[in-house]
Amino acid sequence: MSDTEETAVSEKREIIRVRDVMNSRFILVDGLETIRSAVSRLKAVDARCLIVNRRHDDDEYGLVLLSDVAKQVIARDRSPDRVNVYEVMSKPVVSVGPDMNIRYAARMFDSFGMAMAPVLENGEIVGVVTYSEIVLRGLDSL
């Protein structure tokens, strides 16, 4: 297919945006909260990640995945009552905008080895997007 034909085909496709597939269930936690407390809150709302709140306007958000807890707390036999969220978080995290095309979000995940990203709008977290949401919610519309 030539570049002109590919452009014509892509112009006919509906653009599916991150906001269309993102999950709005996430927990915003303080970095000083214990892992046990944060994971308990996570389970209560059936979310899959912890977003670590910024300490001030010039700070960045952090992220804790369940795999981080498994690797850095459970596998190392550390007490979840004695480990704070900031000790296992990734920070800063790469975020995406709600208007990003899911094709580009998937490419970005692949390029940076990511599995999920917070969705930021006007500097505030409005949701999270993962490969799962991109595939399960976005594939039917492609």
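Computed from the coordinates by the stated procedures, all read-outs in this text should not be read as laboratory data. Quick caveat: nothing in here was measured; it's all calculated off a predicted structure. All Cβ positions, glycine included, derive from the backbone under ideal geometry; neighbour counts span all protein chains shown.
Count neighbours as other Cβ atoms within 10 Å of each site's Cβ, and list the trypsin sites (Lys or Arg not before Pro) in the range 72-118 that are DSSP loop with at most 10 such neighbours. Walk me through the numbers on the way to the answer.
Details: sites: R76, R78, R82, R103, R107; in loops: R76, R78, R82.
Filter output for the range 72-118: R76.
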Out of V69, S95, N122 - ranked by how far each Cα lies towards the positive end of the dipole of the chain, with unit charges on the beta-carbon of charged residues - the top one is V69
Binned at 10 Å starting from 0, the alpha-carbon pair-distance distribution of the chain in whole percents comes out as 11, 37, 31, 13, 6, 2
For the chain, longest principal axis from Cα atoms; helix 3-12 axis from its Cα atoms; angle between them, nearest 10 degrees, is 70 degrees
To the nearest 20 debye, the range 15-141 has a Cα-centred charge dipole, built from +1 on Lys and Arg Cβ and -1 on Asp and Glu Cβ, of 400 debye
Helix-only [θ] at 222 nm, the chain, -39500 (n - 2.57) per DSSP H run of 4+, per residue, nearest 500, equals -9000 deg cm²/dmol
